[in-house]
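Novice: What follows is a structure written as C-alpha cells; I'll ask about it next.
The values are calculated or read from the model by the stated rules, or taken from the named source; none is laboratory data. Everything quoted here is computed from the prediction, not taken from an experiment. Here the Cβ positions follow ideal geometry from the backbone for every residue, glycine too, while neighbour counts run over all protein chains shown.
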C-alpha cells in the first residue's frame, strides 16, 4: 500500500500558516508528498524545501487571481497537486496549510487505509474536526463550524477537489462514499496573532468576493477582533507534538468568559435533537455519503 500526502500553499510566512507542522504531522505515514507551492511574495518556497527534500516533491504553481468566486482557486490548486501524484499510489492523504493531525491518530488512520484498501466501494475516509479559535485553549462550539470532512481519498482520476477545496467529488458531481474513522483533524486557521489574522481576512476573502463586497463587509483595522464570536469551549486535550514550538512562541493573549457564549434558538434546538438522537444534526451539510 502506497500513500501520498498532498497539500497546497502560498505566502505561508506572511499569513502565518502552520504548513510545516501540517506536513510533518502526516509525513510519517506517507511514502511521498506533493506540495503545490504558489507564486509567493515571501520565503514560502524555501520553507517547504527545508522540510524533507527526499520525500517531498514541490510543484511550483501560479495562482489565477482572477478567480474570485466561491474560493474556486483553492480547488484549482488542490487539483494541480492531485494530478501530480504518481499512478502507483493507492491513497492520497490531503491536508491543508492550517490543519494538523495529532500523532496519536496516525496508527488509526493507517489501519483504516489498510482495512479498506480492497473495498472499491469506499472512496475515502472521513475525519472529525476540532476548530481552534483565538488561541490554542479554545475551540468553536456552535454549529457554524463544520463537524467532519474527507481527508483521505483513493488515487483515481475521477476524484477532484470540490468548490473551495473543503471536500471532494467524483465523476459528474457525485458525492464520495466514505467511512468515518476515529481520528480528528486539528484546524488552526483561526489561531494567529491578531495582526496576521487581520491580514489573512483582508486577503483571503478576495478569493470569494469582489472589491465592492470587501469594502462593505471586511473592516479595515490593524488587529482582528477575536471577541466577535458566538460560542467557544475550553480545550482540555493535548496538541500535536509538531505544534509545541509554535504554541510556546505565542505572544498574544486571548481569554474567553464562557458566560458570554450565546446560542440562537435554532442552535439550542439542534443541540437538543443531537443529544436525543446520539449525533444527528438537523440540516447538517454533508459533502459525502456515509457507509
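The rows are residues; the columns are (1) under 16 Å from the mean Cα position of the chain (by Cα); (2) under 18 Å from residue 8 (Cβ atoms); (3) in contact (Cβ under 8 Å) with a residue 12 or more places away in the chain.
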residue	(1), (2), (3)
98	yes, yes, yes
113	no, no, yes
125	yes, no, yes
129	yes, no, yes
133	yes, no, yes
146	yes, no, yes
155	no, yes, yes
174	no, no, no
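Novice: In segment 218-244, which residues are touching a helix residue (DSSP H, G or I) at 6+ places or on another chain (Cβ under 8 Å) and assigned to a helix (DSSP H, G or I)?
Specialist: Those that are touching a helix residue (DSSP H, G or I) at 6+ places or on another chain (Cβ under 8 Å) and assigned to a helix (DSSP H, G or I): 241, 242, 243.
Novice: Take the conditions within 21 Å of residue 166 (Cα to Cα) and assigned to a helix (DSSP H, G or I) and apply them to residue 77. Does it pass?
Specialist: Numbers: within 21 Å of residue 166 (Cα to Cα): yes; assigned to a helix (DSSP H, G or I): yes.
Yes.
Novice: Applying the selection to segment 41-65, what residues are in a loop (DSSP other than H, G, I, E, B) and in contact with a helix residue (DSSP H, G or I) (Cβ under 9 Å, 6 or more places away or on another chain)? Break it down into steps so the answer makes sense when it comes.
Specialist: The initial filter retains those residues of segment 41-65 that are in a loop (DSSP other than H, G, I, E, B), namely 41-43, 50-55, 62-65.
Those that are in a loop (DSSP other than H, G, I, E, B) and in contact with a helix residue (DSSP H, G or I) (Cβ under 9 Å, 6 or more places away or on another chain): 50, 51, 52, 55, 63, 64, 65.
Novice: Right, next: So which strands (runs of 3 or more DSSP E) stay within segment 142-183 end to end and still have 1 or more residues that are surrounded by fewer than 20 Cβ atoms within 10 Å (Cβ to Cβ) and touching a helix residue (DSSP H, G or I) at 6+ places or on another chain (Cβ under 7 Å)?
Specialist: Numbers: elements: 148-154, 159-162, 167-170.
In segment 142-183, the matching strands (runs of 3 or more DSSP E) lie at 159-162.
Novice: Just wondering, is there one or more residues in segment 169-178 that are farther than 23 Å from residue 70 by Cα, in contact with a strand residue (DSSP E or B) (Cβ under 7 Å, 6 or more places away or on another chain) and modelled with pLDDT of 95 or more?
Specialist: Just the residues of segment 169-178 that are farther than 23 Å from residue 70 by Cα, to begin with: 177-178.
Those left that are additionally in contact with a strand residue (DSSP E or B) (Cβ under 7 Å, 6 or more places away or on another chain): 177-178.
Filter once more, keeping what is modelled with pLDDT of 95 or more: 177-178.
Taking every residue of segment 169-178 in turn, at least one turns out to be farther than 23 Å from residue 70 by Cα, in contact with a strand residue (DSSP E or B) (Cβ under 7 Å, 6 or more places away or on another chain) and modelled with pLDDT of 95 or more.
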